[in-house]
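Q: One structure, pasted below without further comment.
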Amino acid sequence: MLQIGPTMVSAGQKLVHHQARIDLLQLEQSRLAAELAAGEEWDRDGFNSPYDWIRVNCHLPGHLAGNYLSVGAHVAELSQSVQAVLQGEIGFAHLAVMARTAEAVGKRFDESQLLALAKEHSAGKFHYKCLHYRHSLDAKAYAAEESEQVENRRLHLSTVQDGSLLINGVLDPAGGAAVRTALEPLARKSGEHDDRVLDQRYADALVELASGGKPANLQVTASVETLKGLAGAAGAEMEFSLPISSTAVQRMACDCSVTRVLLSQESVTIDVGRSKRGDLGRGAQGAGSARWSLPVAGLRTAGVMV
């Protein structure tokens with residue numbers, strides 16, 4: 001007797017099937033979010049808004065809680081798009097973009113103009129198309145939103161206990177594009193041997209961009225003992241940084257021009273040498289320039305690297 005084995009379902013097919021079910025659940029979540037927003041339950045529970053109630057009690061990131069509320073509030077205007085979700089022609093992510101667009105343009109919203117685009121493009125690309133649509137309806141309002149984004153720009157720099165610099169901020173789209181355009185070429189892999197992850201390459205690209213592709217102009221203050229790497233020596237000092245090791249000083253100096261500046265214990269300059277190519281790494285080991293191994297008691301050496 002001929003036996004036919006069970007049909008194998010691939011992981012990809014399962015993903016698509018499960019996502020379609022998730023889209024339907026999210027559609028129902030949006031209906032319930034609208035019901036919650038229209039009632040008083042969130043207020044009785046001590047929350048500031050339905051958004052906060054959903055975010056906390058459903059353990060959701062803010063953007064997803066906002067999507068539920070936005071779709072729920074505009075579902076009456078999105079009957080064709082809802083039907084497209086039910087039929088698997090678009091996903092809930094498309095519907096969320098549609099709802100936020102309806103929210104932005106108000107009475108001028110025309111679902112029929114956008115649904116064909118939603119079926120044709122991914123959710124991310126559809127969001128891009130909707131921005132063009134919004135601009136075409138009201139360029140002034142679109143520009144006003146851009147101005148608000150510019151006003152909200154910020155960049156916060158803070159140094160943590162180990163001396164690492166934390167960078168946190170938000171740039172407007174144009175400013176962000178300028179930064180990305182400058183960083184992307186510098187963040188490319190340098191070859192097959194380059195095992196840095198993308199975030200590390202971005203970090204290196206930012207430092208390279210800040211220094212103009214050349215060693216930064218830094219001032220390092222260190223004792224002669226530190227420069228020689230002697231045991232028991234204190235670390236070197238550098239502006240905007242915690243104390244750094246003698247090894248770090250030697251590494252920086254190898255690729256720099258170094259100017260020797262001798263300071264007294266009272267930080268008074270008593271001697272300035274000429275700028276020379278950095279050979280501190282060799283001098284500190286006893287085989288190079290004597291300018292980094294002067295046995296002068298009570299003096300500090302400030303190396304200005306250009």
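Q: Restricting attention to segment 87-98, which residues are open to solvent by 30 Å² or more (accessible area, probe 1.4 Å) and of a type in the set (A, V, I, L, M, F, W, C)?
A: Ala93
Q: Restrict the check to segment 42-57 and report whether at least one residue is of a type in the set (A, V, I, L, M, F, W, C) and in contact (Cβ under 8 Å) with a residue 60 or more places away in the chain.
A: Within segment 42-57, none of the residues are of a type in the set (A, V, I, L, M, F, W, C) and in contact (Cβ under 8 Å) with a residue 60 or more places away in the chain.
Q: For segment 143-176, give me each residue that is within 21 Å of Ala210 (Cβ to Cβ), over 14 Å from the mean Cα position of the chain (by Cα) and of a type in the set (Val, Ile, Thr).
A: Within segment 143-176, Thr159, Val160 qualify.
Q: List, please: which pairs have Cβ atoms under 9 Å, are six or more places apart or on different chains, and start with a residue in segment 1-28 that is within 22 Å of Gly88 (Cα to Cα) and end with one that is surrounded by fewer than 10 Cβ atoms within 10 Å (Cβ to Cβ) and modelled with pLDDT under 85?
A: Going by the 9 Å Cβ cut-off, the qualifying pairs are His17/Val9.
Q: Conditions first: (1) closer than 27 Å to Pro243 by Cβ; (2) open to solvent by 60 Å² or more (accessible area, probe 1.4 Å). Asn152 passes all but one, so which condition is the exception?
A: (1)
Q: If you scan segment 158-178, which residues turn out to be farther than 30 Å from Tyr128 by Cβ and open to solvent by less than 60 Å² (accessible area, probe 1.4 Å)?
A: Ser158, Val160, Gly163, Ser164
Q: Given the structure, is Ala38 over 31 Å from the mean Cα position of the chain (by Cα), surrounded by fewer than 13 Cβ atoms within 10 Å (Cβ to Cβ) and at pLDDT below 95?
A: Criteria not met by Ala38.
Q: Let me ask another. Mind checking whether some residue in segment 188-208 is on the phi < 0 side of the Ramachandran plot, polar (S, T, N, Q) and modelled with pLDDT under 80?
A: No, segment 188-208 contains no residue that is on the phi < 0 side of the Ramachandran plot, polar (S, T, N, Q) and modelled with pLDDT under 80.
Q: Could you tell me which of the residues Ala76, Ala65, Ala20, Ala102 is open to solvent by 30 Å² or more (accessible area, probe 1.4 Å) and within 30 Å of Glu145 (Cα to Cα)?
A: Ala76
Q: Read through the list (1) over 14 Å from the mean Cα position of the chain (by Cα); (2) at pLDDT 75 or above, then give the number of the only condition that Val179 fails.
A: Among (1) over 14 Å from the mean Cα position of the chain (by Cα); (2) at pLDDT 75 or above, Val179 violates only (1).
Q: What do you reckon, is Ala84 open to solvent by 30 Å² or more (accessible area, probe 1.4 Å) and either without any contact (Cβ under 8 Å) to a residue 60 or more places away in the chain or over 18 Å from Ala118 (Cβ atoms) (or both)?
A: no
Q: When you go through (1) crowded, with 18+ Cβ neighbours inside 10 Å; (2) touching a Phe, Trp or Tyr at 6+ places or on another chain (Cβ under 6 Å) one by one for Phe47, which number turns out not to apply?
A: (1)
Q: Can you name the residue in segment 179-193 that is assigned to a loop (DSSP other than H, G, I, E, B) and open to solvent by less than 70 Å² (accessible area, probe 1.4 Å) and is also farthest from Arg153 (Cα to Cα) among such residues?
A: My answer is Gly191.
The values are calculated or read from the model by the stated rules, or taken from the named source; none is laboratory data. Note that the coordinates shown come from a computational prediction; the quantities given were computed from them, not determined experimentally. Virtual Cβ from ideal backbone geometry, glycine too; neighbours counted across all protein chains shown. Heads up: the accessible areas ignore ligands, DNA and RNA and are worked out on the full protein's heavy atoms, side chains in. Shrake-Rupley method; radii C 1.70, N 1.55, O 1.52, S 1.80 Å.
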